[in-house]
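> Before anything else, here's the structure in question.
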Amino acid sequence: MLDIRRIINEKEVFLQAMANRNANLDFDKLSFLDENRRKLLGESETLKARRNAVAAERPKLLKQGQDVSSLKEEMKAVGDRIKAMDDELRNTEEELQGMLLAIPNIPDSSVPVGNDENDNAIIRTVGEPRKFDFEPKPHWEIGEEQGMLDFTRAAKVTGARFTFCRGLGARLERSVFNFMMDTHAKNGYTEIFPPFMVNRASMTGTGQLPKFEDDAFKVVNTDYFLIPTAEVPVTNMYSNEIIEELPQSFCAYSACFRAEAGSAGRDTRGLIRQHQFNKVELVKFTRPEESFEHLELMTKDAERILQLLELPYRVSLLCTGDMGFASAKTYDIEVWMPSYNRYVETSSCSNICDYQSRRLGIRYRPEQGAKPQFAHTLNGSGLAVGRTVAAILENFQTAEGNVNIPKALHPYMGMSGW
RNA sequence: GGAAAGGUGGCUGAGUCCGGUCUAAGGCGCACGACUGGAAAUCGUGUGACGGCUAACCCCGUCCGAGGGUUCGAAUCCCUCCCUUUCCGCCA
(Lines give C-alpha, C1' and ligand atoms only; values in the text may rest on other atoms or scores of the structure.)
Protein backbone atom coordinates (compact mmCIF):
# COMPACT_ATOMS: atom_id res chain seq x y z
CA MET A 1 0.00 0.00 0.00
CA LEU A 2 1.26 3.42 -0.93
CA ASP A 3 1.08 6.54 1.21
CA ILE A 4 -1.93 8.54 0.06
CA ARG A 5 -0.14 11.80 0.83
CA ARG A 6 2.74 10.78 -1.39
CA ILE A 7 0.32 9.87 -4.17
CA ILE A 8 -1.33 13.30 -3.98
CA ASN A 9 1.86 15.30 -3.51
CA GLU A 10 3.85 13.50 -6.20
CA LYS A 11 1.05 13.08 -8.66
CA GLU A 12 3.21 13.17 -11.80
CA VAL A 13 5.71 10.60 -10.53
CA PHE A 14 2.88 8.39 -9.39
CA LEU A 15 0.91 8.54 -12.64
CA GLN A 16 4.03 7.86 -14.69
CA ALA A 17 4.82 4.85 -12.50
CA MET A 18 1.33 3.47 -12.95
CA ALA A 19 1.56 3.96 -16.69
CA ASN A 20 4.88 2.11 -16.75
CA ARG A 21 3.17 -0.74 -14.96
CA ASN A 22 0.18 -0.74 -17.30
CA ALA A 23 -2.04 -0.07 -14.29
CA ASN A 24 -5.20 1.99 -14.64
CA LEU A 25 -6.78 4.00 -11.91
CA ASP A 26 -9.04 6.94 -11.26
CA PHE A 27 -6.79 9.58 -9.73
CA ASP A 28 -9.55 12.16 -9.36
CA LYS A 29 -11.69 9.78 -7.38
CA LEU A 30 -8.74 8.91 -5.17
CA SER A 31 -8.08 12.57 -4.56
CA PHE A 32 -11.75 13.28 -3.85
CA LEU A 33 -12.02 10.42 -1.35
CA ASP A 34 -8.91 11.63 0.46
CA GLU A 35 -10.21 15.18 0.73
CA ASN A 36 -13.64 14.03 1.76
CA ARG A 37 -12.16 11.79 4.42
CA ARG A 38 -10.25 14.63 6.02
CA LYS A 39 -13.22 16.96 5.82
CA LEU A 40 -15.53 14.46 7.53
CA LEU A 41 -12.88 13.65 10.09
CA GLY A 42 -12.46 17.30 11.00
CA GLU A 43 -16.19 17.84 11.44
CA SER A 44 -16.62 14.70 13.47
CA GLU A 45 -13.71 15.58 15.73
CA THR A 46 -15.08 19.06 16.40
CA LEU A 47 -18.33 17.52 17.56
CA LYS A 48 -16.49 15.00 19.71
CA ALA A 49 -14.49 17.77 21.34
CA ARG A 50 -17.77 19.49 22.24
CA ARG A 51 -19.18 16.25 23.63
CA ASN A 52 -16.10 15.65 25.75
CA ALA A 53 -16.16 19.19 27.11
CA VAL A 54 -19.81 18.91 28.13
CA ALA A 55 -19.32 15.49 29.66
CA ALA A 56 -16.53 16.94 31.82
CA GLU A 57 -18.57 19.97 32.90
CA ARG A 58 -21.80 18.19 33.64
CA PRO A 59 -20.95 16.68 37.05
CA LYS A 60 -19.87 20.13 38.28
CA LEU A 61 -23.07 21.76 37.05
CA LEU A 62 -25.11 19.05 38.73
CA LYS A 63 -23.25 19.57 41.96
CA GLN A 64 -24.13 23.26 41.78
CA GLY A 65 -27.74 22.24 41.37
CA GLN A 66 -28.10 23.69 37.88
CA ASP A 67 -30.65 22.49 35.37
CA VAL A 68 -28.90 20.47 32.63
CA SER A 69 -31.87 19.18 30.70
CA SER A 70 -31.28 21.52 27.73
CA LEU A 71 -27.67 20.36 27.57
CA LYS A 72 -28.87 16.82 27.56
CA GLU A 73 -31.13 17.60 24.61
CA GLU A 74 -28.29 19.20 22.71
CA MET A 75 -25.91 16.36 23.42
CA LYS A 76 -28.41 13.79 22.32
CA ALA A 77 -28.57 15.54 18.95
CA VAL A 78 -24.78 15.89 18.82
CA GLY A 79 -24.42 12.19 19.54
CA ASP A 80 -26.73 11.32 16.66
CA ARG A 81 -24.82 13.56 14.28
CA ILE A 82 -21.51 12.05 15.34
CA LYS A 83 -22.87 8.61 14.66
CA ALA A 84 -24.15 9.57 11.22
CA MET A 85 -20.90 11.33 10.41
CA ASP A 86 -18.76 8.41 11.52
CA ASP A 87 -20.82 6.06 9.37
CA GLU A 88 -20.16 8.24 6.35
CA LEU A 89 -16.52 8.52 7.33
CA ARG A 90 -16.19 4.76 7.60
CA ASN A 91 -17.71 4.26 4.16
CA THR A 92 -15.33 6.80 2.67
CA GLU A 93 -12.35 5.22 4.38
CA GLU A 94 -13.31 1.75 3.22
CA GLU A 95 -13.67 2.93 -0.34
CA LEU A 96 -10.32 4.73 -0.19
CA GLN A 97 -8.67 1.74 1.42
CA GLY A 98 -10.13 -0.54 -1.24
CA MET A 99 -8.62 1.62 -3.98
CA LEU A 100 -5.25 1.86 -2.25
CA LEU A 101 -5.07 -1.93 -1.85
CA ALA A 102 -5.54 -2.32 -5.59
CA ILE A 103 -2.67 0.02 -6.48
CA PRO A 104 0.68 -1.69 -7.16
CA ASN A 105 3.99 -0.46 -5.81
CA ILE A 106 5.97 2.26 -7.56
CA PRO A 107 8.97 0.79 -9.43
CA ASP A 108 12.38 2.04 -8.36
CA SER A 109 14.06 4.45 -10.78
CA SER A 110 16.71 1.82 -11.61
CA VAL A 111 14.05 -0.50 -13.04
CA PRO A 112 13.87 -0.59 -16.85
CA VAL A 113 10.58 0.54 -18.35
CA GLY A 114 8.93 -2.16 -20.43
CA ASN A 115 5.87 -4.22 -21.12
CA ASP A 116 6.81 -7.84 -20.61
CA GLU A 117 9.65 -10.28 -20.08
CA ASN A 118 11.22 -9.32 -23.41
CA ASP A 119 12.12 -5.97 -21.89
CA ASN A 120 13.90 -7.43 -18.87
CA ALA A 121 17.62 -6.68 -18.59
CA ILE A 122 20.08 -9.58 -18.37
CA ILE A 123 22.48 -8.63 -15.58
CA ARG A 124 24.87 -11.57 -15.62
CA THR A 125 25.16 -15.11 -16.88
CA VAL A 126 27.07 -17.64 -14.80
CA GLY A 127 28.23 -21.04 -16.02
CA GLU A 128 27.98 -22.54 -19.48
CA PRO A 129 24.99 -24.63 -20.55
CA ARG A 130 26.29 -28.17 -20.94
CA LYS A 131 26.85 -29.55 -24.45
CA PHE A 132 25.35 -33.02 -24.59
CA ASP A 133 26.86 -35.67 -26.87
CA PHE A 134 23.54 -37.51 -26.67
CA GLU A 135 19.91 -36.44 -26.78
CA PRO A 136 19.12 -35.15 -23.27
CA LYS A 137 15.83 -36.21 -21.73
CA PRO A 138 13.40 -33.98 -19.89
CA HIS A 139 13.40 -34.44 -16.12
CA TRP A 140 9.96 -36.04 -15.99
CA GLU A 141 11.18 -38.89 -18.22
CA ILE A 142 14.34 -39.37 -16.20
CA GLY A 143 12.38 -39.18 -12.95
CA GLU A 144 9.80 -41.74 -14.05
CA GLU A 145 12.37 -44.12 -15.56
CA GLN A 146 14.47 -44.02 -12.39
CA GLY A 147 11.42 -44.49 -10.16
CA MET A 148 12.05 -41.12 -8.54
CA LEU A 149 8.93 -39.29 -9.66
CA ASP A 150 5.41 -40.65 -10.07
CA PHE A 151 3.02 -38.23 -11.71
CA THR A 152 0.47 -40.85 -12.74
CA ARG A 153 -0.32 -42.10 -9.26
CA ALA A 154 -0.34 -38.55 -7.88
CA ALA A 155 -2.97 -37.69 -10.47
CA LYS A 156 -4.99 -40.71 -9.31
CA VAL A 157 -4.65 -39.92 -5.62
CA THR A 158 -5.05 -36.17 -5.84
CA GLY A 159 -5.17 -34.68 -9.32
CA ALA A 160 -3.20 -32.88 -11.97
CA ARG A 161 -0.13 -30.86 -10.94
CA PHE A 162 0.78 -33.08 -8.00
CA THR A 163 3.71 -35.47 -7.70
CA PHE A 164 4.90 -38.35 -5.61
CA CYS A 165 8.63 -38.22 -5.01
CA ARG A 166 9.83 -41.72 -4.27
CA GLY A 167 12.99 -43.45 -3.14
CA LEU A 168 16.04 -41.51 -4.25
CA GLY A 169 13.73 -38.87 -5.70
CA ALA A 170 12.24 -38.19 -2.27
CA ARG A 171 15.71 -38.30 -0.78
CA LEU A 172 16.95 -35.81 -3.37
CA GLU A 173 14.07 -33.42 -2.69
CA ARG A 174 14.79 -33.52 1.04
CA SER A 175 18.54 -33.20 0.49
CA VAL A 176 18.11 -30.13 -1.66
CA PHE A 177 16.06 -28.11 0.83
CA ASN A 178 18.19 -29.21 3.75
CA PHE A 179 21.26 -28.11 1.83
CA MET A 180 19.64 -24.76 1.05
CA MET A 181 18.62 -24.17 4.67
CA ASP A 182 22.05 -25.14 6.00
CA THR A 183 23.78 -22.85 3.52
CA HIS A 184 21.63 -19.83 4.36
CA ALA A 185 21.78 -20.46 8.10
CA LYS A 186 25.56 -20.50 7.80
CA ASN A 187 25.37 -17.12 6.06
CA GLY A 188 23.56 -15.32 8.84
CA TYR A 189 19.91 -16.08 8.19
CA THR A 190 17.83 -17.16 11.19
CA GLU A 191 15.91 -20.35 10.51
CA ILE A 192 12.13 -20.29 10.64
CA PHE A 193 9.67 -23.12 10.29
CA PRO A 194 6.41 -21.24 9.72
CA PRO A 195 2.72 -22.14 9.78
CA PHE A 196 1.57 -23.36 6.36
CA MET A 197 -1.81 -21.67 6.80
CA VAL A 198 -2.44 -18.01 7.55
CA ASN A 199 -5.48 -15.84 8.16
CA ARG A 200 -6.99 -13.32 5.80
CA ALA A 201 -5.31 -10.35 7.45
CA SER A 202 -1.87 -11.83 6.78
CA MET A 203 -2.68 -12.56 3.14
CA THR A 204 -3.89 -8.99 2.76
CA GLY A 205 -0.87 -7.56 4.53
CA THR A 206 1.66 -9.03 2.13
CA GLY A 207 -0.49 -8.22 -0.90
CA GLN A 208 -1.86 -11.62 -1.99
CA LEU A 209 -5.36 -10.34 -1.20
CA PRO A 210 -7.71 -8.84 -2.17
CA LYS A 211 -6.59 -8.82 -5.80
CA PHE A 212 -5.38 -12.37 -6.18
CA GLU A 213 -7.81 -14.47 -4.18
CA ASP A 214 -8.34 -16.82 -7.14
CA ASP A 215 -4.70 -17.86 -6.94
CA ALA A 216 -4.98 -19.05 -3.34
CA PHE A 217 -6.34 -22.20 -1.74
CA LYS A 218 -8.89 -21.46 0.97
CA VAL A 219 -9.43 -23.96 3.77
CA VAL A 220 -13.13 -24.73 4.15
CA ASN A 221 -14.90 -24.01 7.44
CA THR A 222 -12.17 -21.56 8.41
CA ASP A 223 -10.89 -18.19 7.30
CA TYR A 224 -7.46 -19.67 6.67
CA PHE A 225 -5.51 -19.86 3.44
CA LEU A 226 -2.75 -22.27 2.44
CA ILE A 227 0.36 -20.18 2.03
CA PRO A 228 1.52 -19.58 -1.56
CA THR A 229 5.00 -18.78 -0.17
CA ALA A 230 6.67 -18.60 3.24
CA GLU A 231 7.04 -14.88 2.58
CA VAL A 232 3.50 -14.50 3.91
CA PRO A 233 3.89 -15.93 7.44
CA VAL A 234 7.48 -14.75 7.87
CA THR A 235 6.86 -11.14 6.79
CA ASN A 236 3.74 -11.03 8.93
CA MET A 237 5.73 -12.10 12.00
CA TYR A 238 6.45 -8.46 12.78
CA SER A 239 3.09 -6.94 11.86
CA ASN A 240 2.09 -4.07 14.15
CA GLU A 241 5.41 -4.17 15.93
CA ILE A 242 8.26 -1.76 16.37
CA ILE A 243 11.36 -3.84 15.63
CA GLU A 244 14.20 -3.29 18.07
CA GLU A 245 17.08 -4.08 15.77
CA LEU A 246 17.57 -3.97 12.02
CA PRO A 247 18.42 -5.66 9.79
CA GLN A 248 16.74 -8.99 10.47
CA SER A 249 17.30 -11.88 8.07
CA PHE A 250 15.34 -15.11 7.97
CA CYS A 251 15.31 -18.29 5.91
CA ALA A 252 12.25 -20.50 5.98
CA TYR A 253 11.43 -23.81 4.42
CA SER A 254 7.78 -24.42 3.57
CA ALA A 255 5.51 -26.22 1.23
CA CYS A 256 3.76 -23.71 -1.03
CA PHE A 257 0.29 -23.99 -2.47
CA ARG A 258 -0.90 -22.24 -5.59
CA ALA A 259 -4.13 -22.65 -7.49
CA GLU A 260 -2.36 -21.63 -10.71
CA ALA A 261 -5.55 -20.05 -11.98
CA GLY A 262 -5.06 -18.86 -15.52
CA SER A 263 -2.11 -21.11 -16.31
CA ALA A 264 -4.12 -24.02 -17.70
CA GLY A 265 -2.11 -25.82 -20.36
CA ARG A 266 1.21 -24.22 -19.40
CA ASP A 267 4.07 -26.41 -18.15
CA THR A 268 1.71 -29.32 -17.68
CA ARG A 269 4.51 -31.88 -17.55
CA GLY A 270 7.05 -32.30 -14.82
CA LEU A 271 7.89 -30.36 -11.72
CA ILE A 272 7.85 -26.83 -13.08
CA ARG A 273 4.31 -25.78 -12.24
CA GLN A 274 2.70 -27.69 -9.38
CA HIS A 275 -0.17 -26.91 -7.00
CA GLN A 276 2.12 -27.91 -4.15
CA PHE A 277 5.87 -27.41 -4.12
CA ASN A 278 8.68 -26.95 -1.66
CA LYS A 279 10.57 -23.70 -1.38
CA VAL A 280 13.16 -22.10 0.84
CA GLU A 281 12.37 -18.42 1.25
CA LEU A 282 14.61 -15.56 2.33
CA VAL A 283 13.04 -12.59 4.11
CA LYS A 284 14.74 -9.43 5.35
CA PHE A 285 13.62 -6.43 7.37
CA THR A 286 15.93 -3.45 6.87
CA ARG A 287 16.33 0.26 7.29
CA PRO A 288 15.06 2.18 4.25
CA GLU A 289 18.49 3.51 3.31
CA GLU A 290 19.96 -0.02 3.27
CA SER A 291 17.26 -1.98 1.51
CA PHE A 292 18.62 -1.82 -2.03
CA GLU A 293 22.04 -2.88 -0.82
CA HIS A 294 20.37 -5.83 0.91
CA LEU A 295 18.55 -6.73 -2.30
CA GLU A 296 21.94 -7.23 -3.95
CA LEU A 297 23.17 -9.30 -1.01
CA MET A 298 20.06 -11.44 -0.93
CA THR A 299 20.24 -12.09 -4.65
CA LYS A 300 23.86 -13.22 -4.30
CA ASP A 301 22.90 -15.45 -1.38
CA ALA A 302 20.29 -17.11 -3.56
CA GLU A 303 22.74 -17.43 -6.46
CA ARG A 304 25.24 -19.11 -4.19
CA ILE A 305 22.99 -22.17 -4.05
CA LEU A 306 23.14 -22.63 -7.81
CA GLN A 307 26.90 -22.06 -7.82
CA LEU A 308 27.43 -24.72 -5.18
CA LEU A 309 25.16 -27.08 -7.10
CA GLU A 310 27.18 -26.34 -10.27
CA LEU A 311 24.10 -25.33 -12.24
CA PRO A 312 24.35 -22.71 -15.02
CA TYR A 313 22.08 -19.71 -14.51
CA ARG A 314 21.52 -16.09 -15.29
CA VAL A 315 20.19 -13.10 -13.41
CA SER A 316 17.77 -10.63 -14.94
CA LEU A 317 16.34 -7.37 -13.75
CA LEU A 318 12.61 -7.32 -14.34
CA CYS A 319 11.11 -4.42 -16.24
CA THR A 320 8.20 -2.34 -14.92
CA GLY A 321 5.58 -4.39 -16.76
CA ASP A 322 6.84 -7.79 -15.57
CA MET A 323 7.30 -7.09 -11.88
CA GLY A 324 5.15 -8.46 -9.10
CA PHE A 325 2.39 -6.33 -7.64
CA ALA A 326 4.09 -5.32 -4.39
CA SER A 327 7.67 -5.06 -5.62
CA ALA A 328 9.73 -1.94 -6.23
CA LYS A 329 12.62 -3.86 -7.81
CA THR A 330 13.00 -7.52 -8.66
CA TYR A 331 15.82 -9.77 -9.83
CA ASP A 332 14.90 -13.13 -11.27
CA ILE A 333 17.40 -15.96 -11.10
CA GLU A 334 16.88 -18.44 -13.90
CA VAL A 335 18.47 -21.88 -14.10
CA TRP A 336 19.36 -23.54 -17.36
CA MET A 337 16.83 -26.23 -18.25
CA PRO A 338 18.03 -28.41 -21.17
CA SER A 339 14.57 -29.80 -21.99
CA TYR A 340 13.17 -26.30 -22.37
CA ASN A 341 16.36 -25.17 -24.09
CA ARG A 342 16.12 -21.97 -22.10
CA TYR A 343 16.50 -20.52 -18.64
CA VAL A 344 13.66 -21.12 -16.19
CA GLU A 345 12.88 -18.96 -13.15
CA THR A 346 13.98 -20.54 -9.91
CA SER A 347 14.11 -17.47 -7.70
CA SER A 348 12.66 -14.01 -7.58
CA CYS A 349 14.28 -11.53 -5.21
CA SER A 350 12.39 -8.33 -4.51
CA ASN A 351 12.71 -5.14 -2.55
CA ILE A 352 9.21 -4.28 -1.42
CA CYS A 353 10.36 -1.03 0.24
CA ASP A 354 7.64 0.14 2.65
CA TYR A 355 4.72 -1.17 0.59
CA GLN A 356 4.07 -4.15 2.86
CA SER A 357 5.27 -2.54 6.07
CA ARG A 358 2.80 0.31 5.68
CA ARG A 359 -0.05 -2.17 5.36
CA LEU A 360 1.31 -4.25 8.20
CA GLY A 361 2.55 -1.57 10.58
CA ILE A 362 6.12 -2.90 10.62
CA ARG A 363 8.23 -0.09 12.08
CA TYR A 364 11.57 0.70 13.70
CA ARG A 365 13.11 3.70 15.45
CA PRO A 366 15.87 5.42 13.46
CA GLU A 367 17.38 6.41 16.80
CA GLN A 368 16.51 5.76 20.39
CA GLY A 369 13.52 7.88 21.32
CA ALA A 370 12.86 8.89 17.71
CA LYS A 371 9.49 8.58 15.99
CA PRO A 372 8.86 5.14 14.55
CA GLN A 373 9.30 4.83 10.77
CA PHE A 374 8.25 2.10 8.40
CA ALA A 375 10.92 -0.54 7.84
CA HIS A 376 11.60 -1.99 4.41
CA THR A 377 10.87 -5.62 3.66
CA LEU A 378 12.55 -7.87 1.11
CA ASN A 379 11.93 -11.41 0.04
CA GLY A 380 13.43 -13.88 -2.36
CA SER A 381 13.39 -17.56 -3.09
CA GLY A 382 16.47 -19.32 -2.00
CA LEU A 383 15.37 -21.39 -4.00
CA ALA A 384 12.36 -23.18 -5.41
CA VAL A 385 13.16 -26.82 -4.57
CA GLY A 386 11.20 -28.69 -7.26
CA ARG A 387 12.65 -26.63 -10.08
CA THR A 388 16.13 -27.07 -8.67
CA VAL A 389 15.63 -30.84 -8.53
CA ALA A 390 14.38 -30.76 -12.12
CA ALA A 391 17.48 -28.82 -13.13
CA ILE A 392 19.76 -31.32 -11.40
CA LEU A 393 18.07 -34.28 -13.09
CA GLU A 394 18.42 -32.69 -16.50
CA ASN A 395 21.85 -31.08 -16.22
CA PHE A 396 23.50 -34.05 -14.50
CA GLN A 397 21.99 -36.84 -16.57
CA THR A 398 24.26 -39.41 -18.18
CA ALA A 399 24.08 -41.09 -21.59
CA GLU A 400 23.00 -44.27 -19.78
CA GLY A 401 19.95 -42.54 -18.34
CA ASN A 402 21.34 -42.18 -14.83
CA VAL A 403 21.87 -38.98 -12.86
CA ASN A 404 25.01 -37.80 -11.12
CA ILE A 405 24.61 -35.88 -7.91
CA PRO A 406 26.37 -32.52 -7.39
CA LYS A 407 29.18 -32.83 -4.85
CA ALA A 408 27.56 -30.37 -2.48
CA LEU A 409 24.67 -32.77 -2.00
CA HIS A 410 26.71 -35.91 -1.34
CA PRO A 411 26.63 -35.59 2.45
CA TYR A 412 22.86 -35.15 2.29
CA MET A 413 22.31 -38.13 0.01
CA GLY A 414 24.22 -40.46 2.29
CA MET A 415 27.15 -40.41 -0.14
CA SER A 416 29.71 -38.85 2.15
CA GLY A 417 32.08 -41.78 1.66
CA TRP A 418 32.18 -41.38 -2.13
C1' G B 1 -15.21 -29.70 21.19
C1' G B 2 -16.81 -28.75 26.85
C1' A B 3 -15.82 -25.94 31.61
C1' A B 4 -13.44 -22.07 34.37
C1' A B 5 -10.28 -17.80 34.90
C1' G B 6 -8.13 -13.99 32.33
C1' G B 7 -6.51 -9.97 28.18
C1' U B 8 -5.19 -2.43 30.98
C1' G B 9 0.99 1.76 28.33
C1' G B 10 8.05 -0.92 26.83
C1' C B 11 7.27 -4.38 31.32
C1' U B 12 4.65 -5.00 36.02
C1' G B 13 0.12 -3.73 38.09
C1' A B 14 -4.44 -0.89 40.51
C1' G B 15 -9.11 0.57 38.70
C1' U B 16 -14.30 -2.95 36.46
C1' C B 17 -18.84 -5.23 41.56
C1' C B 18 -21.49 0.44 42.18
C1' G B 19 -20.42 4.59 34.66
C1' G B 20 -18.69 11.03 35.62
C1' U B 21 -11.53 15.19 38.40
C1' C B 22 -9.46 7.68 34.86
C1' U B 23 -6.95 13.59 31.85
C1' A B 24 -5.39 5.26 33.60
C1' A B 25 -2.53 5.29 40.24
C1' G B 26 1.92 2.94 42.15
C1' G B 27 6.35 0.31 40.78
C1' C B 28 10.16 -1.23 37.16
C1' G B 29 12.71 0.24 32.89
C1' C B 30 14.38 4.29 29.88
C1' A B 31 16.04 9.62 28.96
C1' C B 32 17.77 14.16 30.95
C1' G B 33 19.43 16.94 35.20
C1' A B 34 21.39 17.39 40.38
C1' C B 35 24.86 15.13 43.70
C1' U B 36 30.17 12.65 42.68
C1' G B 37 37.10 12.72 41.20
C1' G B 38 34.14 8.97 38.48
C1' A B 39 30.33 5.52 39.35
C1' A B 40 26.57 3.09 42.38
C1' A B 41 22.84 4.62 45.48
C1' U B 42 19.68 8.80 46.17
C1' C B 43 16.76 13.07 44.64
C1' G B 44 14.24 15.92 40.73
C1' U B 45 12.01 16.24 35.85
C1' G B 46 10.23 13.80 31.71
C1' U B 47 8.54 9.34 29.31
C1' G B 48 3.33 5.76 24.29
C1' A B 49 1.05 4.87 19.38
C1' C B 50 -2.02 6.55 15.34
C1' G B 51 -4.61 10.48 12.96
C1' G B 52 -6.26 15.84 12.08
C1' C B 53 -4.70 21.11 11.98
C1' U B 54 0.08 23.49 11.53
C1' A B 55 6.18 26.31 8.82
C1' A B 56 6.72 24.48 13.71
C1' C B 57 4.87 24.60 18.55
C1' C B 58 0.18 24.56 20.64
C1' C B 59 -4.29 22.38 20.25
C1' C B 60 -7.93 18.58 18.96
C1' G B 61 -9.51 13.42 18.13
C1' U B 62 -8.85 8.02 18.65
C1' C B 63 -6.65 3.87 21.35
C1' C B 64 -7.61 -0.29 28.21
C1' G B 65 -7.79 -7.82 23.07
C1' A B 66 -11.28 -6.79 18.30
C1' G B 67 -16.09 -5.24 16.64
C1' G B 68 -21.00 -3.68 17.76
C1' G B 69 -24.78 -1.79 21.44
C1' U B 70 -26.88 1.11 25.83
C1' U B 71 -25.97 6.29 27.76
C1' C B 72 -25.69 13.29 27.84
C1' G B 73 -21.07 10.48 29.26
C1' A B 74 -18.05 3.67 28.98
C1' A B 75 -11.49 0.73 30.81
C1' U B 76 -16.16 0.11 33.88
C1' C B 77 -22.85 -2.11 31.82
C1' C B 78 -24.86 -5.53 27.51
C1' C B 79 -23.95 -8.63 22.90
C1' U B 80 -20.69 -11.14 19.31
C1' C B 81 -15.92 -12.71 18.11
C1' C B 82 -10.48 -13.52 18.83
C1' C B 83 -6.48 -14.87 21.89
C1' U B 84 -3.99 -16.74 26.56
C1' U B 85 -3.87 -20.00 30.90
C1' U B 86 -5.81 -24.26 33.67
C1' C B 87 -8.91 -28.66 33.78
C1' C B 88 -11.74 -32.32 30.81
C1' G B 89 -12.42 -34.81 25.99
C1' C B 90 -9.81 -36.18 21.48
C1' C B 91 -5.13 -36.84 19.25
C1' A B 92 0.33 -37.01 15.75
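> Being within 12 Å of residue A:242 (Cα to Cα), open to solvent by 20 Å² or more (accessible area, probe 1.4 Å), more than 8 Å from RNA strand B (Cβ to nearest atom) and within 20 Å of the chain's Cα centre (by Cα) is the filter here; which residues of segment A:359-384 pass it?
A:374
> Next up: Could you look through segment A:57-79, keep only residues that are exposed (fewer than 11 other Cβ atoms within 10 Å of the Cβ) and near RNA strand B (Cβ under 6 Å from one of its atoms), and pick out the one that is farthest from residue A:95 (Cα to Cα)?
Ranking the candidates gives A:59 first.
Condition check ((1) small (Gly, Ala, Ser); (2) open to solvent by 30 Å² or more (accessible area, probe 1.4 Å); (3) in a helix (DSSP H, G or I); (4) near RNA strand B (Cβ under 7 Å from one of its atoms)) across all residues:
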site: A:25; (1), (2), (3), (4): no, yes, no, no
site: A:29; (1), (2), (3), (4): no, yes, yes, no
site: A:34; (1), (2), (3), (4): no, no, yes, no
site: A:37; (1), (2), (3), (4): no, yes, yes, no
site: A:46; (1), (2), (3), (4): no, yes, yes, yes
site: A:53; (1), (2), (3), (4): yes, yes, yes, yes
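> Might you let me know whether segment A:168-191 holds any residue that is in contact with a Cys (Cβ under 9 Å, 6 or more places away or on another chain) and small (Gly, Ala, Ser)?
yes
> When you go through A:96, A:100, A:89 one by one, which is the residue that is under 30 Å from residue A:328 (Cα atoms), within 12 Å of RNA strand B (Cβ to nearest atom) and modelled with pLDDT of 90 or more?
The conditions single out A:96.
> Next up: Restricting attention to segment A:337-358, and to residues there that are under 12 Å from the mean Cα position of the chain (by Cα) and among the hydroxyl-bearing types (Ser, Thr, Tyr), which single residue is most open to solvent (accessible area, probe 1.4 Å)?
Among them, the one singled out is A:348.
> Within segment A:160-180, how many residues turn out to be farther than 17 Å from residue A:403 by Cα and in contact (Cβ under 8 Å) with a residue 24 or more places away in the chain?
Residues that pass the stated criteria total 8.
The values are calculated or read from the model by the stated rules, or taken from the named source; none is laboratory data. A quick note: this is a predicted structure, and the numbers were derived from the prediction, not measured. Reconstructed Cβ throughout: ideal geometry from the backbone, glycine too, with neighbour counts over all protein chains shown. When the accessible area is computed, the model is the full protein with side chains, heavy atoms only, and any ligands, DNA or RNA have been set aside. Shrake-Rupley method; radii C 1.70, N 1.55, O 1.52, S 1.80 Å.
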